[in-house]
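Participant: One structure, pasted below without further comment.
The values are calculated or read from the model by the stated rules, or taken from the named source; none is laboratory data. Owing to the predicted nature of the structure, the values given are computational and were not obtained by experimental measurement. All Cβ positions, even for glycine, are placed from backbone atoms using ideal geometry, and neighbour counts span all protein chains on display.
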Amino acid sequence: MSSDVLVFIEHLNGKIADVSFELLGKGRELADALGGKLDAVVMGGACDQMVAQLGKADRVVCVSGLGEFNPDAYRNALADVVAKREPRATLIPYTSMGMELASGVSAAREIPLVSFVNNIAVENGQLVSTASVFGGKMFAEVESDGAVILAVLAGSFNGDAGRGEGAPVVEEMQTAADGAGIAFKQMIQPEAADVDITKQEILVSVGRGIQSADNLELVEELANALGGALSSSRPVVDNGWLPKARQVGKSGVSVKPKLYLAVGISGAPEHIEGMKDAGTIIAINTDANAPIFDVADYGVTADLFDVVPALTEKIKSA
């Protein structure tokens, strides 16, 4: 086992996922603390086009012989890389793709796996990772004095720390990883969203407290008055009241507007993960103990049906 840190680089259609930069930044910090090197692993082609964006790494391992994402083939190939590199820590995004990889590599290499990780540090030579358990209601600290695989939640670290120019060494690695009969057939792209909420400076986000689709117009009017866009937490999308493209959170998108107004949102960890980096967060909720108030800069403990119309009228008359 070396003191190196290895990061799996997730990408789609030639674009590196933001969470990969988060892991690169944290991986750089961990590798420096451990006295090792930072490796970035790219699978699925177009590696040469991505190297320039992976300057924080010491080495970029380009794994050829793989096409579009195939869970079995990618998992077997990543297990081969881990076997050859023997890193102290392997960082994998805890995404739909990462979920397919982390547990399989852990089992194949008999290396402990910590999932739902939202923080990692080096303390007295040991890796200490913090994992969210019971839906974020509790946190567990896990000490690892040997090799470990860490499946990291998106939004846990600063992505800017993983971006930067550099000249990492590029190493080609061939693989004959078997896809076990699974074949990629077609990628079905979601319908284009009418609004890209990740690019909005002002978001008014609505949650379960809105009660019904008929009441969305009330909140949308406030969003329009502010010059922003309407977004939501998962229950609103699950009920079919707004399209998936409007969902903020772990299973939606991460946003970073200048102003985030949370209306009738309790603040589940999965939602907070997607909006906690907003410039200013304002919450409206009848429950004074709602978790959303833990991250809000300002809050109102009141009925949204009283506050929202009054706020909209005040803004319109300003």
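Participant: Just to be sure, is Leu91 modelled with pLDDT of 95 or more and surrounded by 19 or more Cβ atoms within 10 Å (Cβ to Cβ)?
Facilitator: Yes; evaluated as a whole, the condition is true for this residue.
Participant: Counting only residues that are part of a helix (DSSP H, G or I), in contact with a strand residue (DSSP E or B) (Cβ under 8 Å, 6 or more places away or on another chain) and among the small types (Gly, Ala, Ser), which one in region 196-230 is surrounded by the fewest Cβ atoms within 10 Å (Cβ to Cβ)?
Facilitator: So the residue we want is Ala223.
Participant: Same structure, new question: So which residues in region 243-281 are in contact with a Leu (Cβ under 6 Å, 6 or more places away or on another chain) and more than 20 Å from Lys199 (Cβ to Cβ)?
Facilitator: Once the filter is applied, which keeps residues that are in contact with a Leu (Cβ under 6 Å, 6 or more places away or on another chain) and more than 20 Å from Lys199 (Cβ to Cβ), region 243-281 yields Val263, Gly264.
Participant: While we're on this one: Taking interchain pairs and intrachain pairs at least six residues apart, which have beta carbon atoms under 9 angstrom, with the first residue in region 16-29 and free of Cβ contacts under 8 Å to residues at least 40 places away in the same chain and the second crowded, with 20+ Cβ neighbours inside 10 Å?
Facilitator: Qualifying pairs under 9 Å: Ile16/Ile9; Ile16/Glu10; Ile16/Val42; Ile16/Gln53; Ile16/Leu54.
Participant: Starting from region 66-89, keep only residues that are at negative phi, then list their pairs with residues that are of a type in the set (Asp, Glu) whose Cβ atoms are within a distance under 6 Å, requiring at least 6 positions of separation or different chains.
Facilitator: Pro71/Glu100; Pro87/Asp4
Participant: Does Asp294 meet the test of being out of contact with any Ser or Thr (no Cβ under 6 Å at 6 or more places or on another chain) and part of a loop (DSSP other than H, G, I, E, B)?
Facilitator: Considered against the rule, which asks whether it is out of contact with any Ser or Thr (no Cβ under 6 Å at 6 or more places or on another chain) and part of a loop (DSSP other than H, G, I, E, B), Asp294 comes out as no.
Participant: Only residues that are part of a loop (DSSP other than H, G, I, E, B) and either surrounded by fewer than 14 Cβ atoms within 10 Å (Cβ to Cβ) or not small (Gly, Ala, Ser) (or both): list them for region 256-291, please.
Facilitator: Correct list: Lys256, Pro257, Lys258, Ile265, Lys276, Asp277, Gly279, Thr286, Asp287, Ala288, Asn289, Pro291.
Participant: Do we have any residue at all in region 158-168 that's under 19 Å from Ala57 (Cβ atoms), in a strand (DSSP E or B), assigned by TED's automatic domain parsing to the domain that holds Arg28 and in contact with a Leu (Cβ under 9 Å, 6 or more places away or on another chain)?
Facilitator: Within region 158-168, none of the residues are under 19 Å from Ala57 (Cβ atoms), in a strand (DSSP E or B), assigned by TED's automatic domain parsing to the domain that holds Arg28 and in contact with a Leu (Cβ under 9 Å, 6 or more places away or on another chain).
Participant: Shifting gears a bit: Which of (1) surrounded by fewer than 21 Cβ atoms within 10 Å (Cβ to Cβ); (2) in a helix (DSSP H, G or I); (3) small (Gly, Ala, Ser) is the odd one out, the single condition Gly45 does not satisfy?
Facilitator: (2) is the only condition that Gly45 fails.
Participant: Further, regarding this structure: Does region 52-73 contain any residue that is touching a strand residue (DSSP E or B) at 6+ places or on another chain (Cβ under 8 Å), assigned to a helix (DSSP H, G or I) and not polar (S, T, N, Q)?
Facilitator: Checking region 52-73: not a single residue is touching a strand residue (DSSP E or B) at 6+ places or on another chain (Cβ under 8 Å), assigned to a helix (DSSP H, G or I) and not polar (S, T, N, Q).
Participant: Related question: Among the residues of region 231-245, which ones are surrounded by 23 or more Cβ atoms within 10 Å (Cβ to Cβ) and either modelled with pLDDT under 90 or part of a helix (DSSP H, G or I) (or both)?
Facilitator: Selection gives Val236 alone.
Participant: So is Lys314 within 18 Å of the chain's Cα centre (by Cα), surrounded by fewer than 19 Cβ atoms within 10 Å (Cβ to Cβ) and either within 20 Å of Lys137 (Cβ to Cβ) or not aliphatic (A, V, I, L, M) (or both) or not?
Facilitator: no
Residue by residue, here is whether (1) assigned to a loop (DSSP other than H, G, I, E, B); (2) surrounded by fewer than 19 Cβ atoms within 10 Å (Cβ to Cβ); (3) modelled with pLDDT of 90 or more holds:
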position: Ser103; (1), (2), (3): no, yes, yes
position: Ala108; (1), (2), (3): no, yes, yes
position: Val114; (1), (2), (3): no, no, yes
position: Ile120; (1), (2), (3): no, no, yes
position: Thr130; (1), (2), (3): no, yes, yes
position: Gly135; (1), (2), (3): yes, yes, no
position: Phe139; (1), (2), (3): no, yes, no
position: Glu143; (1), (2), (3): no, yes, yes
position: Ile149; (1), (2), (3): no, no, yes
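Participant: Hey, could you check region 1-15 for residues that are free of Cβ contacts under 8 Å to residues at least 60 places away in the same chain and not in a strand (DSSP E or B) and say which is surrounded by the fewest Cβ atoms within 10 Å (Cβ to Cβ)?
Facilitator: Only one residue fits best here, namely Asn13.
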